Amino acid sequence: MPRPEVLSWIRQQFFPHVWCPGCGHGIIMHALLRALVAEGKDPTKTALCSGIGCSSRLPGYINTCTVHTTHGRSLAFATGIKHAKPELTVLDVMGDGDCSAIGGNHFIHACRRNIDITAIVMNNNIYGMTGGQASPTTPVGSYATTTPYGAIDPTFDICKLAEGAGASFVARSTIANPVQCEQLIRKGIQNKGFSVIEIVSSCHTQYGRKNKRRRPIDNINFFKENAVPLAKAKTMTEEELAGKIVTGEFVSRQSPEYTEQYQKLIDRVRG
Ligand code: SF4
Ligand code: MG
C-alpha cells in the first residue's frame, strides 16, 4: 500500500486501472510517485505528458497537471510546456515504440537540445496495447505478431541513442529494482537538462504470447536474473553480456540547458 503522501498524488477515482495483472508499469508508476514526493514536488507545479500506449495511460492516474497526447509526439508537447513555463517540473512517460519508432525524431532532438525534461522510457520490447507488434527494441530472433518467423531488424539501445544525441543524464533500471528506479528518476529530476531513464518492463500478455524463443515467461525473475550493474558489466566480455540488461548511470554531464539558452537569446536580442 502506498504511503499517504504518495496516495495524495493518485487519482483514485480512475481506478481500477487498465493494466493487465502482472504488468510492470504499476511498479514504474509507484517509483515515479515516490521520486516526486521525495523531491518535494508540488502537484500544481508539475506537468506530466504521455503519448499513446499502455505506458501512456500512466498520467491519467496521477493527480497533477497531465496531458495525454498523440502517438510519439508527447515530447513535442512537453517541450512546448517547458518553453512556456520554465518554472514547471516537466516529465514525459513513453513506451519503447512511442519513444524510438513513432516519436524517434522528437526523442533525438529533445536529447540534442538538452531541454530540462525528465523522460521515462517504459521499455517492454513490444507494442503492448495494439496487439504485440515488434518495436525497435524487440530483440533479434524474437517472435511477435509482425515477426512470425523471428525479428531480423537490429535493435536500438535507448540509452546509447540518448547519449549519442546529447542527453545530459542517461540511466537504466528494470522493474525488479524499484528502489533503483526511484533513485534514478530523482537524479533525472534534479538534473538541469534532458534526462532519460529507461526502465525495462514486462508485457507478459503480448510479449510472452508470441515470444516462445526468449522470455517465455516474462516475469520479475527474468529481470532479477539478467540485470547486470554497470560496474560488473565493465569486467564482462561481449559474449557474457549477450542477453543481459546493463543497469546504472551511463551519462551525467553538465551542458547548456535549452530554455536558459533561449532566455539568453531573448535578452541579447532585446539589448
Ligand atoms: Fe502491460 Fe502488456 Fe497488458 Fe499493456 S498489454 S497493460 S504493457 S501487460
Ligand atoms: Mg512497449
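Taking Leu91, is it away from ligand 1 (no atom under 16 Å from the Cβ) and not in a strand (DSSP E or B)? Criteria not met by Leu91.
Say we look at the range 10-47 and pick out the residues that are β-branched (Val, Ile, Thr) and not in a helix (DSSP H, G or I); which of these is nearest to Lys85 (Cα to Cα)? Before the answer, list the steps.
First, the residues of the range 10-47 that are β-branched (Val, Ile, Thr): 10, 18, 27-28, 37, 44, 46.
This time we only want the ones that are not in a helix (DSSP H, G or I), so: 10, 18, 46.
On the way: Ile10: 24, Val18: 31, Thr46: 10 Å.
Once the filter is applied, the top-ranked residue is Thr46.
The single condition among (1) over 16 Å from the mean Cα position of the chain (by Cα); (2) within 16 Å of ligand 2 (Cβ to nearest atom); (3) more than 25 Å from Thr205 (Cα to Cα) that Gly132 does not satisfy is (3). Taken over the range 15-45, residues that are at positive phi and modelled with pLDDT under 90 amount to 1. Does Ala38 meet the test of being among the small types (Gly, Ala, Ser) and touching a residue at least 60 places away in the same chain (Cβ under 8 Å)? Considered against the rule, which asks whether it is among the small types (Gly, Ala, Ser) and touching a residue at least 60 places away in the same chain (Cβ under 8 Å), Ala38 comes out as yes. Which one is modelled with the highest pLDDT, of the residues in the range 192-206 that are part of a loop (DSSP other than H, G, I, E, B) and more than 18 Å from His109 (Cα to Cα)? Among those residues, the one meeting the criterion is Ser201. Taking each residue of the range 94-109 that is charged (D, E, K, R) and looking for partners that are within 16 Å of ligand 1 (Cβ to nearest atom) with beta-carbon atoms closer than 6 Å, six or more apart or interchain, yields Asp96/Asn123; Asp96/Ser135; Asp96/Thr137; Asp98/Gly51; Asp98/Gly53.
With respect to the conditions (1) open to solvent by 10 Å² or more (accessible area, probe 1.4 Å); (2) touching a strand residue (DSSP E or B) at 6+ places or on another chain (Cβ under 6 Å); (3) of a type outside the set (Asp, Glu), Ala76 falls short on a single one, namely (2). Scan the range 187-208 for residues that are free of Cβ contacts under 8 Å to residues at least 24 places away in the same chain and charged (D, E, K, R) and the total you get is 0.
State the number of residues belonging to the range 101-118 that are polar (S, T, N, Q) and either more than 11 Å from the chain's Cα centre (by Cα) or open to solvent by 10 Å² or more (accessible area, probe 1.4 Å) (or both). Even if it seems obvious, please write down each step before you answer.
Keep residues of the range 101-118 that are polar (S, T, N, Q), which gives 105, 114, 118.
Cutting the leftovers down to either more than 11 Å from the chain's Cα centre (by Cα) or open to solvent by 10 Å² or more (accessible area, probe 1.4 Å) (or both) gives us 105, 114.
Qualifying residue count, the range 101-118: 2.
Could we say that Ser55 is within 16 Å of ligand 1 (Cβ to nearest atom) and either touching a Cys at 6+ places or on another chain (Cβ under 6 Å) or polar (S, T, N, Q) (or both) here?
Numbers: within 16 Å of ligand 1 (Cβ to nearest atom): yes; either touching a Cys at 6+ places or on another chain (Cβ under 6 Å) or polar (S, T, N, Q) (or both): yes.
For Ser55, the condition - within 16 Å of ligand 1 (Cβ to nearest atom) and either touching a Cys at 6+ places or on another chain (Cβ under 6 Å) or polar (S, T, N, Q) (or both) - is met.
When you look at Arg57, is it more than 16 Å from ligand 2 (Cβ to nearest atom) and basic (Lys, Arg), yes or no? Criteria not met by Arg57.
Taking the numbered list (1) modelled with pLDDT under 95; (2) under 29 Å from Lys264 (Cα atoms) in turn, Gly128 passes all entries but (2).
Determine whether the range 170-180 contains at least one residue that is under 29 Å from Gln263 (Cα atoms) and more than 16 Å from ligand 1 (Cβ to nearest atom). Give the derivation first.
Here is the first cut: in the range 170-180, the residues under 29 Å from Gln263 (Cα atoms) are 170-171.
Among the residues that remain, those that are also more than 16 Å from ligand 1 (Cβ to nearest atom) are: 170-171.
The answer is yes; a qualifying residue exists.
Of all the numbered requirements in (1) surrounded by fewer than 24 Cβ atoms within 10 Å (Cβ to Cβ); (2) farther than 22 Å from Cys203 by Cβ, Arg57 misses one, and that requirement is (2). Checked against (1) among the polar types (S, T, N, Q); (2) farther than 25 Å from Cys20 by Cβ; (3) touching a residue at least 12 places away in the same chain (Cβ under 8 Å), Thr64 meets all criteria but (2).
The values are calculated or read from the model by the stated rules, or taken from the named source; none is laboratory data. As the structure is a computational prediction, the values presented were derived from the model and not from experiment. FYI the Cβ positions are ideal-geometry reconstructions off the backbone, even for glycines, and counts take in every protein chain you see. Areas reflect the complete protein model, heavy atoms only, side chains present, ligands, DNA and RNA absent. Shrake-Rupley method; radii C 1.70, N 1.55, O 1.52, S 1.80 Å.
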